[in-house]
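Since the structure comes first, as structure tokens, the remarks are kept for the end.
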Amino acid sequence: MKPYYLLLHLMPCYNSNSFSIPFLKSLSFLLFYAAAFCSSSSQTPTLVLPLKTQIIPTGSIPRPPNKLPFHHNVSLTVSLTVGTPPQNVSMVIDTGSELSWLHCNKTPNFPTTFDPARSTSYSPIPCSSPTCTTQTQDFPIPASCDNNNLCHATLSYADASSSEGNLASDTFYFGSSDIPAMVFGCMDSSFSSNSDEDSKSTGLMGMNRGSLSFVSQMRFPKFSYCISGSDFSGLLLLGEANFSWLTPLNYTPLIEISTPLPYFDRVAYTVQLEGIKVSDKLLSLPKSVFVPDHTGAGQTMVDSGTQFTFLLGPVYTALRNEFLNRTAGILRVLEDPNFVFQGAMDLCYRVPLNQPKLPRLPTVTLMFRGAEMTVSGDWILYRVPGQVRGSDSVHCLTFGNSDLLGVEAFVIGHHHQQNVWMEFDLEKSRIGLAQMRCDLAGQRFSVEQ
């Protein structure tokens, strides 16, 4: 698998002609260190976060019970420092989670843990604090009180194991800027038997709408990102993005249900999926299959912590059958009932290793209320790393079946958000999107590719 490059760099407040960032090519991940606060034309503070991509195994990132249990997942990560004096950490950016957390294991020779004993600004949160008693109400597992009267949090793994720790606050640093008293989870870090993968990430940065998420604590009115589909470079903007060159966005409202329901995540970025087209054909499905039922099952979540897109069974089956019909005679189906990629993607094809590119494939359009997202070309199929059958590579449809994972939701992953400007408008409770060459957007800020 070729290396992934993702430079997510905040919109500079400088003139683009005088602001240049060198983008180095190499055979490893690029980590670009730069961060700053600035102000847009509306005087809203904007924060620079440099990100990269890496493969995260199951277990190294604990997920709430409604999350998807992938064996491997390409995730977006940010490097920063925490504590006094600062300690280096790396965190997965996840719009589907609330609590930011760090591995806080004092085990010797474990390089990617945060040691609270070394930080003079570290402060554990007592269980009597309003932070513990009221702001944790949307946690999948309620916070509790430990033997030391400290706020205790539990995170669930996809494999049903769990990790426990305490809520605390400390100073987070982004370049020369510091954010004091940021609340996070200081968690036991024995997450995975794969120490090589554990060494790549120190924790997770929650970006959903919960009161303790990173964006909520920072009170950003909105944030945006644009991930290039050509070289995985891109832009992340925390704050306003008012630019004349920005393609007009189509907005879809966020769906909110105030009543607690067992299968509805109230703080997720939930939108209303209304239909799916394969090329120009609208799948024949009743509108009701896209609407959450009385238990909350069936919501559509936009989740940067998930790589691919997953659909509930009846919708997935309709898409699978139509795509299969459209590719008959074009692609050779992998006839292996025992192979299901990531446990949910069972439509795969054999493509000759010496074939330079895939044939022209049908597009898939996700139709939201007020906006559409079209997936085409190389983003329709994904070459499975390490899978070879004879002289053929294995490519799978990048839509999976949520039912096979026991997840009662539609999930829109970041693979299908490539070359789409994604704006999360928290003030107006909506998501804006527009097709865009994200590599060209990077050039607007003199980012060399």
Near N166, within a Cβ-to-Cβ distance under 11 Å, what is the net charge of the other residues, with Lys and Arg +1 and Asp and Glu -1? -3
On each of the three principal axes the extent of the alpha-carbon atoms of the range 234-375, given in whole Å and largest first, is 49, 43, 28
T270: net charge of surrounding residues, Cβ under 12 Å, Lys/Arg +1, Asp/Glu -1, itself excluded? +1
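Stick to Cα atoms and the Kirkwood definition of Rh, then tell me Rg/Rh for the range 247-317. Spell out each step's value before the answer.
On the way: Rg = 13.3 Å, Rh = 13.7 Å.
The Rg/Rh ratio comes out at 0.97.
Tell me, what is the per residue accessible area of the range 242-338 in Å², probe radius 1.4 Å?
Dividing the accessible area of the range 242-338 by its residue count gives 48 Å².
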When you take every Cα atom in the range 311-449, what is the radius of gyration, and what is Dmax, the widest Cα pair distance, in Å? 17.0, 54
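Taking Cα pairs under 8 Å and at least six residues apart, what relative contact order does the range 277-326 come out at, in percent? Working shown, then result.
Details: 21 pairs, mean separation 21.2, N = 50.
Across the range 277-326, relative contact order equals 42 percent.
The values are calculated or read from the model by the stated rules, or taken from the named source; none is laboratory data. Remember, predicted model here, so these are calculated numbers, not experimental data. Counting neighbours? That spans all protein chains shown, and the Cβs are built from the backbone with ideal geometry, glycine included. The protein model used for the area step is the full one, side chains on, heavy atoms only, and it has no ligands, DNA or RNA in it. Shrake-Rupley method; radii C 1.70, N 1.55, O 1.52, S 1.80 Å.
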